[in-house]
1. Of the numbered conditions (1) within 22 Å of residue 155 (Cα to Cα); (2) modelled with pLDDT of 90 or more; (3) not charged (D, E, K, R), residue 113 fails exactly one; give the number of that condition.
2. Condition check: surrounded by fewer than 16 Cβ atoms within 10 Å (Cβ to Cβ) and modelled with pLDDT under 90. Does residue 187 satisfy that?
3. Looking at 220, 203, can you tell me which residue is aliphatic (A, V, I, L, M) and at pLDDT below 90?
4. Show the residue pairs meeting these rules: Cβ distance below 7 Å; 6+ apart or different chains; first residue within segment 188-211 and in the same structural domain as residue 248 (by TED's automatic domain parsing); second residue acidic (Asp, Glu) and crowded, with 17+ Cβ neighbours inside 10 Å.
5. Checking residue 209 against (1) in a loop (DSSP other than H, G, I, E, B); (2) touching a strand residue (DSSP E or B) at 6+ places or on another chain (Cβ under 6 Å), which test does it fail?
6. So residue 239 passes all but one of these: (1) surrounded by 17 or more Cβ atoms within 10 Å (Cβ to Cβ); (2) modelled with pLDDT under 90. Which condition number does it fail?
7. Can you work out which of the residues in segment 51-74 that are assigned to a helix (DSSP H, G or I) and over 19 Å from residue 142 (Cα atoms) is modelled with the lowest pLDDT?
8. So if I check each of 43, 90, which one is crowded, with 21+ Cβ neighbours inside 10 Å, at pLDDT below 90 and outside the structural domain of residue 210 (by TED's automatic domain parsing)?
Amino acid sequence: MRFSGKSQITERALSGDLDKVSPMTTTSPQRRTELLRPDGGPVRVLVVDDELSIAELLSMALRYEGWQIRSAGDGQGAMRTAREFRPDAVILDMMLPDMGGLAVLGELRRVLPDVPVLFLTAKDGVEDRIAGLTAGGDDYVTKPFSVEEVVARLRALIRRCGAADRRSESVLVVGDLTLDEDSHEVSRGGENIHLTATEFELLRFLMRNPRRVLSKAQILDRVWSYDFGGKANVVELYISYLRRKIDAGREPMIHTRRGAGYLIKPAVS
């Protein structure tokens with residue numbers, strides 16, 4: 001779907017077409033390359049557009065990529081969010097209510113000199129494109145635009161600027177811990193770790209839900225399918241096995257939340 005301007009996108013959003021965009025913008029190959037930050041966390045993108053419907057649509061499509069998204073509706077808000085959020089890439093509308101996109105870009109460059117910026121604007125003149133790119137913009141998308149094109153250009157921009165690591169979706173990463181679902185290889189800090197089949201499944205479940213507390217009942221259901229009659233002590237036992245292999249001699253990554261369950265998160269350096 002293509003959008004030619006603010007009135008058109010607003011009308012389509014209000015008429016319900018926004019819901020219809022989701023299948024188009026989120027269709028992707030099953031084995032798509034995932035972009036991650038060097039620390040293994042999701043890529044962060046700041047979307048700056050004063051038209052709420054456009055910002056929400058782009059944010060929805062980018063969240064499908066597994067990225068963390070923040071948005072702002074004006075230049076001042078963009079700068080505040082950039083300082084707090086420290087994005088890996090920015091989608092920036094050239095026409096904002098309080099300041100021009102080029103002025104916002106200049107301020108961004110002072111805070112984040114290397115962050116890639118994708119301009120989004122209704123202006124399609126050659127002079128405007130040259131001005132944006134000369135000022136330090138990395139790419140330029142004009143209206144009418146397709147959401148798919150914006151996402152594809154942003155992915156290429158992030159890869160080209162080295163803002164993220166590329167890993168297959170079969171590889172799970174939390175901090176310095178890596179698990180390959182295809183080869184069943186696990187390593188932490190580059191050191192290989194041998195796990196039994198059950199330990200691997202338990203670790204995979206934890207790593208698919210980083211920073212999320214998982215109850216013993218959830219773990220039993222996912223890893224053992226209640227084959228042990230719902231006995232929670234088997235979870236405690238295998239968590240202790242994992243800790244000996246994953247956390248031994250290192251800053252801990254596997255944590256207990258008493259009365260709630262267990263979670264995994266990057267070690268505190």
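1. (2)
2. Numbers: surrounded by fewer than 16 Cβ atoms within 10 Å (Cβ to Cβ): yes; modelled with pLDDT under 90: no.
So residue 187 fails the test.
3. Working: 203 fails: at pLDDT below 90.
None of the other options fit; the residue is 220.
4. Matching pairs, first to second residue: 188/176; 189/176.
5. Among (1) in a loop (DSSP other than H, G, I, E, B); (2) touching a strand residue (DSSP E or B) at 6+ places or on another chain (Cβ under 6 Å), the lone unmet condition for residue 209 is (2).
6. Failed condition: (2).
7. First pass over segment 51-74, keeping only residues assigned to a helix (DSSP H, G or I): 52-64.
Then drop every residue that is not over 19 Å from residue 142 (Cα atoms), which leaves 60, 63-64.
Details: 60: 90, 63: 88, 64: 82.
Across segment 51-74, the extreme among qualifying residues is 64.
8. Values: 90 fails: at pLDDT below 90.
Going through 43, 90 in turn, just one is crowded, with 21+ Cβ neighbours inside 10 Å, at pLDDT below 90 and outside the structural domain of residue 210 (by TED's automatic domain parsing): 43.
The values are calculated or read from the model by the stated rules, or taken from the named source; none is laboratory data. This structure is a prediction, so every number in the text was calculated from the model and none was measured. Virtual Cβ from ideal backbone geometry, glycine too; neighbours counted across all protein chains shown.
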